[in-house]
Structures are given as structure tokens and as C-alpha cells.
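Comments concern the structure below.
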Amino acid sequence: MKKKRVSVFLSTLLVASALLGACSSNTSSPDTGSQGGKENQGSQGSQEQVVLSMHSWRVEDGDGYKKIIKEFEQTNPGVKIEFKAFKSTEYNTILNTALQGDSGPDIMQLRPYQAGMSLADSGYLEPLDSVPGINNFAPDVLKAATAKDGKVYGVPLSLNSTQIYYNKKIFADQGIQEPKTWDELLQTAKALKDKGITPFAFGAKEAWLLSLSHGVIAPATYGGNDFVDKVQKGEANFLSPEFKKSIEQMKELAPYFPDNFVGLDQNDTRALFATEKAAMYIHGSFDLDPMRKLNPNLDVDFFTLHGQDGNPLITTWVDGSWGVNAKSTHKEAALKFMEFMATQKFGEMFANEFKRISAVPGVKVDDPLVNKMAELTEKNATPYLILVYFGEGNPTTKAELENSLQGMYLNKMTPDQVAETIQKSAEGWYAPFKK
């Protein structure tokens, strides 16, 4: 990926404790069944076993990680890892609550960029600069797991892209070609709707899905990397006509969404597309494997809109990393797992198990569609602007975009008001926008 290319303490401690189990500093006997950093003593003369807790927001990845963890445990017999995943929209609150209560897992999945590195800024994460293999990652990839102090706090996991998936059979049956421009996309959506086919599997219940979708629609409209460069220099902002137009386009798509789309979440929309009840689906590369698991016979492909130069633009970013709890009582074992995650072996297992692009350099995957994403990422990537550069503020500017888009779809805000809201948010902290 090119260097330039490349998201609360609200719940009570009681709720977080119930969900997270025992903290990483607890110890117990083998028959207690408690989780998180316990030590088990086997029969006399046997090796002491360390049990590490490992938490994620990817519920759908549980079975895959069991296989990967088993590989690690076979070569590290003194360590056992217990993987547990939580609902994505609840994970941040659960994790933050536990960490603020001096608890939390030994190993935790971190959101990319400032959303995850805020935990490092607060002192909750162990620096990983000395982990063998960490320096093999590209500098722009490590940037997603680097905190304000310049230290690396996460082992990067994958290189994500976001695009428009489509059902090849539906398109072929209707004589529809992949659209390349915004006007062609609207024509495609109208043609499908006129045939009684739901054009897009789309939901607005989970706000993060809206910024993700905007990340697909916007770059071809505002000018891709040229616009991103101008934003970083303060020469363009969210009130620029080309950016405001991208918000208007999000509104233009609304007639082609399912009925009651404001109440649909990721599981609902994934199911709509996987069961072939909708022709298109705006989503990330990370959802390819889950949708195929719902329907192994799904004939799916993807397209992205073309930029002003006539080439397809694909929005990319580094998706998450794995970090170590600074208060874990088993740091040595946890760091050993970090070392494993920086290896080609892990990268290959991750890529082929989850059908995603590994952040480990030089890893290939045995899936043509994933390789197509990787090739496009190498040639025509543009960064996920709102995630990579606007993860600060309280609430963050990214969150302001998401909440405002929800408001727009509820007919409580206009596209202009959405742009004004996020511009005001960014002006409060983003140096190039400060007056």
C-alpha cells in the first residue's frame, strides 16, 4: 500500500465484569472455570500453565481464531489462550470499563488509528516496539497502531477495503453491467427497483455502517487523494462543494434501500444480500467471508466507482491490531503471542482462514476475489478519510458524521447541516482547520 493511502465509560463496572469475566490479574485453580490470566498447576512435576484471555469485537471470527490459537499452543505448551468476542457496537464500552477498573483481558483487539491508540495514551497498553518482527511491517501500516508518544502498541492485523458487492446472477439475469460512475449507479439501482428487486441491502441502525458506506461513495465525487491532500493542508474542508455533494449522494440513494432500512443492522443487511433478496451490498472486505458462510453458493463480485481520471478508486485502511494489557500479570506469554502474530505463519493462516488481506508483508491468499481487492489496493487506493484522519474530538468527528447521517436518514437533518456539523467538530481540534 502506498504511504499516503493507507473508530466511555457509559456502562457500570458490574455489567462489564459480568461480560468480561475475571480480570487478567486473577488466579484460580483449574476447576473454577474463571477466565483471564489465571495459572493452572497440573500434576506434580508438570509445567505450570498460563491462561491468557483474548478479547475481540469479531464474533464471526471465533472458529477461525480457535484454529490459529491451536497452532500457537502446540509450539507453546505452557500457554493456553481463551478467545472471547463481544458485539461490535458494545465492545468499546465493555473494554474501556474493564480497563478503567484495572481489569480487562491480557490480549485485546484494538480499533485502528486514534480510536485504539487512545488506550495507549491513557496508559492501558504495553509498548510493542521490541517485539521480534514488528519492524517488518510497512511504516504506513504501523502508523495505525502508533500512539502520540511515537511507540507502537499493536501488531497490525489486516489491510481492509470497502466496496460495493453485487450478485452476479441477478445482474446477468437483468442484463446489467458493473456501473462505473455515479449516474450509472443510480440508473442501475432504478432498473433493479423497476423490476421489483431491492437494489441495496442497507441499514442505518448501526451508525458506523454509514461512514463506511460514505467511504465508498465519496472519493470518486470529491476527488480521491487530491482532496485528501488538500484537507491535510487546510486547502479544502467538509464545507467544500465536492464534499457536500458526496453527502447529498448518500441521500439520493435512500429510495433504493429496503423498507424500514433505518431499523436494520449489519446482520440484517448481510442476510438480505446473502439470501439474494437484494442485488448490491456496500461493505468492507472483512464481510466477504461471513456472507459466504451464510450462503456458500452465492455468486458474488464487487465494483468501485471510478475517479475523475477514469480509474476505479478503492477506499482502504489498516483494520485494527492486537495489543497487550499493561497490567497483565502474564506479559511474557502475551508478548510471545504478539511475536507469533508478526510472523508469516500467522499472516498466511489469517489470510486464508478469513479470506482477508494480511498486514504481514508478502502474504498471499488463495481466493481470487480477495486477490482482486489486493491488486486494486496496490494500484488505486485512497484512504478512508474520516477514519484515518478524523478520529479525535469528543465526540470524534467520525462519530459526528455517523450520527448526522443517521439524522439525515430520519429526515431531521439536511445534507448541508451534516457537512456543517462535522466541519464544526473538526475545527475544534484538527490543526489545518483551526482559524
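The values are calculated or read from the model by the stated rules, or taken from the named source; none is laboratory data. Treat the numbers as computed from the prediction; the structure is a model and nothing was measured. All Cβ positions, even for glycine, are placed from backbone atoms using ideal geometry, and neighbour counts span all protein chains on display. These accessible areas exclude ligands, DNA and RNA; they are computed on the full protein's heavy atoms, side chains included. Shrake-Rupley method; radii C 1.70, N 1.55, O 1.52, S 1.80 Å.
Listed values, structure above:
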item: Radius, Kirkwood style, for the range 138-283 when every pair of distinct Cα atoms is counted (Å); result: 17.2 Å
item: The range 340-382 pair-distance distribution - Cα-Cα, 10 Å bins, rounded %; result: 32, 51, 16, 0
item: Cα-based convex hull volume of the range 293-361 per residue, rounded to whole Å³; result: 159 Å³
item: Charge dipole (the chain, unit charges on Cβ, about Cα centre) - positive-most of Ala201, Val59, Ser425; result: Ser425
item: Span per principal axis, largest first, for the Cα atoms of the range 251-393 (Å); result: 54, 42, 37
item: Descending principal axes extents, the range 67-226, alpha-carbon based, whole Å; result: 60, 38, 33
item: Under 14 Å, Cβ to Cβ, from Leu264 - net charge with Lys/Arg +1 and Asp/Glu -1; result: -1
item: Computed Rg/Rh of the range 103-187, alpha carbon atoms with Kirkwood Rh; result: 1.26
item: J(HN,Hα) series, the range 293-299, from Karplus relation 6.51 cos²θ - 1.76 cosθ + 1.60, nearest Hz, glycine and proline x; result: 5, 5, 8, x, 8, 5, 9
item: Dipole magnitude of the chain, debye to nearest 20 (Cβ charges: Lys/Arg +1, Asp/Glu -1, about Cα centre); result: 340 debye
item: Inter-part distance where the range 103-120 and the range 303-358 are each reduced to a Cα centre, Å; result: 14 Å
item: With every protein chain in place, the chain: carbon and sulfur % of accessible area (1.4 Å); result: 48 percent
item: Kirkwood Rh in Å, taken over the range 158-204 so that all alpha-carbon pairs contribute; result: 11.8 Å
item: Diffusion constant of the range 194-256 at 37 °C, which comes from Stokes-Einstein with the Kirkwood Cα-pair radius and 0.692 mPa s, µm²/s; result: 252 µm²/s
item: Segments 332-344, 57-69 sorted - mean Cβ within 10 Å per residue, highest first; result: 332-344, 57-69
item: Derived scalar couplings ³J(HN,Hα) [the range 115-120; Karplus, 6.51 cos²θ - 1.76 cosθ + 1.60; whole Hz; x for Gly, Pro]; result: 4, x, 6, 4, 5, 5
item: Projected area, mean over directions - the range 252-301, Cα convex hull, nm²; result: 3.7 nm²
item: Highest-first arrangement of 403-413, 103-113, 250-260, where packing means the average Cβ count within 10 Å; result: 103-113, 403-413, 250-260
item: Calculated [θ] (222 nm, deg cm²/dmol) that DSSP helices of n ≥ 4 give over the chain, each run adding -39,500 (n - 2.57); result: -12500 deg cm²/dmol
item: Accessible area expressed per residue, the chain, with surrounding protein chains retained (probe 1.4 Å, Å²); result: 42 Å²
item: Inverse mean reciprocal Cα-Cα distance (Kirkwood Rh) of the range 96-152, Å; result: 12.0 Å
item: Charge dipole (the chain, unit charges on Cβ, about Cα centre) - positive-most of Leu387, Gly310, Pro255; result: Gly310
